[in-house]
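Working notes, structure below.
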Amino acid sequence: QVQLNESGGESVQAGGSLRLSCAASGRTFNMYTRGWFRQAPGKEREFVAAIYWIGGGTYYTDSVKGRFTTSRDIAKNTVYLQMNSLKPEDTAVYFCAADRSAVIRTIPLEYDYWGQGTKVTVSS
């Protein structure tokens, strides 16, 4: 089993920054990809970013490119999502997920494990 625990969500004003963390524990040795998703009220969960655990390559959805950065700390088994220039449309519950695939995938159903989510609210 794999446990994922997100933290760092809070309320900020537009233009502000936040850093989300996702600490993993358990049998994570074959979790090759860690992803970030978000779900706004009344909307479907959508892909935000992902990072290859080995190598650190990253991939982002177009709406966050240039504003969000995902990174990892191997020693801490933790991934981060640095979010800058936040907009009201970034308001959502943010989830991290882990996937055994070595190919970055953007569909939620393809991920094996999920955290409980952390809420980000951006006010104008």
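The values are calculated or read from the model by the stated rules, or taken from the named source; none is laboratory data. What you are looking at is a predicted structure, and each value in this text was computed from that prediction instead of being measured. Every residue, glycine among them, receives a Cβ derived from its backbone with ideal geometry; neighbour counts consider all protein chains shown. Surface accessibility is based on the protein's heavy atoms, side chains included, excluding ligands, DNA and RNA. Shrake-Rupley method; radii C 1.70, N 1.55, O 1.52, S 1.80 Å.
Residue under question is LEU81, and the condition is that it be part of a loop (DSSP other than H, G, I, E, B) and open to solvent by less than 30 Å² (accessible area, probe 1.4 Å); does it hold?
Details: part of a loop (DSSP other than H, G, I, E, B): no; open to solvent by less than 30 Å² (accessible area, probe 1.4 Å): yes.
No; evaluated as a whole, the condition is false for this residue.
Looking at (1) under 14 Å from the mean Cα position of the chain (by Cα); (2) open to solvent by 70 Å² or more (accessible area, probe 1.4 Å), which one does LYS76 not meet, given that it meets all the others?
(1)
Looking only at residues that are at pLDDT 95 or above and in a loop (DSSP other than H, G, I, E, B) in the range 84-105, which one is least open to solvent (accessible area, probe 1.4 Å)?
Across the range 84-105, the extreme among qualifying residues is LEU86.
Those residues that are part of a loop (DSSP other than H, G, I, E, B) and either among the acidic types (Asp, Glu) or under 17 Å from CYS96 (Cβ atoms) (or both), I need them from the range 58-70; list them, please.
Our first condition is that a residue be part of a loop (DSSP other than H, G, I, E, B); within the range 58-70, this holds for 61, 65-67.
Listed by number, the list holds a single entry, THR61.
For the range 6-56, give me each residue that is out of contact with any strand residue (DSSP E or B) (no Cβ under 7 Å at 6 or more places or on another chain) and open to solvent by 30 Å² or more (accessible area, probe 1.4 Å).
Of the range 6-56, the ones out of contact with any strand residue (DSSP E or B) (no Cβ under 7 Å at 6 or more places or on another chain) are 15-16, 29-30, 41-44, 54-55.
If the condition is that a residue be out of contact with any strand residue (DSSP E or B) (no Cβ under 7 Å at 6 or more places or on another chain) and open to solvent by 30 Å² or more (accessible area, probe 1.4 Å), then GLY15, PHE29, ASN30, PRO41, GLY42, LYS43, GLU44, ILE54, GLY55 are the ones that fit.
Name the single residue, out of those in the range 106-124 being part of a loop (DSSP other than H, G, I, E, B) and of a type in the set (Val, Ile, Thr), that is farthest from GLY56 (Cα to Cα). Please lay out each step first, then the result.
The first filter runs over the range 106-124 and keeps only residues part of a loop (DSSP other than H, G, I, E, B), leaving 106-107, 111-112, 115-117, 124.
Those still in the list that are of a type in the set (Val, Ile, Thr) too: 106-107.
Details: THR106: 17, ILE107: 20 Å.
Taking the candidates together, the pick is ILE107.
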